[in-house]
1. In the range A:209-216, is there at least one residue being among the polar types (S, T, N, Q) and touching a Ser or Thr at 6+ places or on another chain (Cβ under 9 Å)?
2. Hey, among B:77, B:85, B:7, which residue is touching a residue at least 12 places away in the same chain (Cβ under 8 Å) and outside any helix (DSSP H, G or I)?
3. So, of the residues in the range B:92-106 that are more than 7 Å from chain A (Cβ to nearest Cβ) and in contact (Cβ under 8 Å) with a residue 24 or more places away in the chain, which turns out to be nearest to residue B:142 (Cα to Cα)?
4. For the range B:203-224, which residues satisfy the criterion of being under 19 Å from residue B:25 (Cβ atoms) and either basic (Lys, Arg) or touching a Gly at 6+ places or on another chain (Cβ under 6 Å) (or both)?
5. With the condition kept exactly as written, say whether any residue in the range A:37-50 is touching a residue at least 12 places away in the same chain (Cβ under 8 Å), within 19 Å of residue B:123 (Cα to Cα) and among the β-branched types (Val, Ile, Thr).
6. Kindly indicate whether residue A:165 is modelled with pLDDT of 95 or more, hydroxyl-bearing (Ser, Thr, Tyr) and assigned by TED's automatic domain parsing to the domain that holds residue A:79.
There are 2 protein chains.
Amino acid sequence: MKSEWDIINKIRQLTGERSQDGKIAGIGDDCAAYEIGKGRYGLFSADINIEGVHFDLSYTSLFEAGYRSMSANISDIFASGGKPILTLVSLGIDSSLTEENIEALYKGIKSCCDKYNVFIAGGDISKSEKLVISIAIYGEANQYISRENAQVGDYIYLTGNTGLSKLGLELLQKGEYISDYPSAVKKHLQPEPQGTLIDIILQNFSPTAMIDISDGMLSDLGHICKESKKGFVIEGGKIPHHSEIYKFCNGEKNKMLDYSLTSGEEYELIFTSKIFNDSFNNITCIGRIIESGFFLEIDNSLREIKLTGYDHFSKK
Amino acid sequence: MKSEWDIINKIRQLTGERSQDGKIAGIGDDCAAYEIGKGRYGLFSADINIEGVHFDLSYTSLFEAGYRSMSANISDIFASGGKPILTLVSLGIDSSLTEENIEALYKGIKSCCDKYNVFIAGGDISKSEKLVISIAIYGEANQYISRENAQVGDYIYLTGNTGLSKLGLELLQKGEYISDYPSAVKKHLQPEPQGTLIDIILQNFSPTAMIDISDGMLSDLGHICKESKKGFVIEGGKIPHHSEIYKFCNGEKNKMLDYSLTSGEEYELIFTSKIFNDSFNNITCIGRIIESGFFLEIDNSLREIKLTGYDHFSKK
């Protein structure tokens, strides 16, 4: 079978990107957007998470599996500039799970929903050999932010920092040094969507394009550039690193950059803006949008880079 | 593990049936309803369909698996008195499926969407050992119809007829007489939601409660009665039977009733109304709502009946 992107492109061709009446913008963004009223948009997104593909129950608790699945969905609404409102949760459950197991899973889902004020409005449940957590979410925005409007010269901003989720995953998979890197492990098992920063971003930056980091910083910034038909330059020296990344990499610049640029499932936001503002904690300007090409500037030299991201289909 | 209903009740306790601000009515109906504007409701529903539980690929084509999964979701919107607008489709796909296989599946989904004017606005895709089709749907209504407002004395109406889906499934499972019962086989493999009757129902009957038949006529009417805290009497002689049910059962009354009362995945509608009207084809009055108890009247005698429905968890 072809890659996930090939399949999505094929589906995109079959489906079309916009409804015939023009009222619905669909596949190709974090959320689909539908004009529910004058200047008011309903935002829709869905994710499917399958045991053994998206999470490994040998080191992920059922609470965490539920929590992180919901985080990813809520993050899609923030990445489109909206507020999440309600969610539908469909579960495929192995008959060996006890009532306590199912309750733990559900409490993880609900705990994340409660934190970001999302109501669980329904869903479905089925028997399944592997645990399946399939979530659809609805939010609203007065103006939704897509991936396709980044302009040449726009500043590129990143919330927080990236790298921890990849490090956490590696440590969990090896079962090593877990207690030495609590932030990395926590970020992988129980990532948070950017609910505390989204209002600051919308009010102070008027983003031209935005995406959340699920595949990796380079890959996701690449999605913005592909949809906007632009390129980027990232300044390596501006990329913030968490102290646990510094510690694990012994401060080696290239190693730290590798974590930060490729770590997926971070749910930090990258956005572009015409406004320069470096006065907010946890919002860092890391580069600019250019006409074309993807470049990383390190020690005053420009390297052209290849975009890579995590493709669930490419790993057997 | 407990039954599907036990799990859903547990989740219902955890979640609550209505959001704190009262704006969202959630679990316990075909759709969740959210007031998106004055007198305007967004309707939300989700279903998860898993290979080997909801469909068997030994006699169901991928086109049909896609079509019937979407039918079930569109039916939920009609059952709440709404018009479907957009859908999110999440697929779990076995890596052995070819591009043509995935296209066939997707064409089944899209063919049903096109017929009922639903836009595929997004979704997700993942690797999976078993095929998973997880669908969320959004529709709108000026007034949504729940299951909980049936009143004593209301007439009970059924669209079309029931029984064919169960007969079709049995023939397909045995691989017998398939060409002799084309309507039964078609109704099982490619059922249709009631898109042509819903406007007639809304305009002429002002339904007090409505549900679509996914578990079986008795079971689903039972859901209305449970949520409305009422009972029902069905007149056995009024229940319409398709000619293929008559033929297969050799006109034996009890056998025909058994098919009609218990056949699931029909996607016919049952609704209650204060209005008596027998002038529409394919809308039949089959009984009345009473204070309590569930009764079937046959040959002038009343039998008290036990409600049964299909529980995916109870079958191993």
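1. yes
2. After ruling out the rest, the residue left standing is B:85.
3. Step by step, filter the range B:92-106, then rank; the result is B:105.
4. Within the range B:203-224, no residue meets the criteria.
5. Yes, the conditions are met somewhere in the range A:37-50.
6. Taking the combined requirement at face value, the residue does not satisfy it.
This table checks each residue for (1) among the hydrophobic types (A, V, I, L, M, F, W, C); (2) out of contact with any Phe, Trp or Tyr (no Cβ under 9 Å at 6 or more places or on another chain).
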position: A:57; (1), (2): yes, yes
position: A:77; (1), (2): yes, no
position: A:91; (1), (2): yes, no
position: A:95; (1), (2): no, no
position: A:101; (1), (2): no, yes
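Okay, residues lined up against (1) touching a strand residue (DSSP E or B) at 6+ places or on another chain (Cβ under 9 Å); (2) not acidic (Asp, Glu); (3) not assigned by TED's automatic domain parsing to the domain that holds residue B:246:
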| site | (1), (2), (3) |
| --- | --- |
| B:131 | yes, yes, yes |
| B:137 | yes, yes, yes |
| B:147 | yes, yes, yes |
| B:150 | yes, yes, yes |
| B:161 | yes, yes, no |
| B:192 | no, no, no |
| B:203 | no, yes, no |
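The values are calculated or read from the model by the stated rules, or taken from the named source; none is laboratory data. Just so you know, these numbers come straight off a predicted model, no measurement behind them. Every residue, glycine among them, receives a Cβ derived from its backbone with ideal geometry; neighbour counts consider all protein chains shown.
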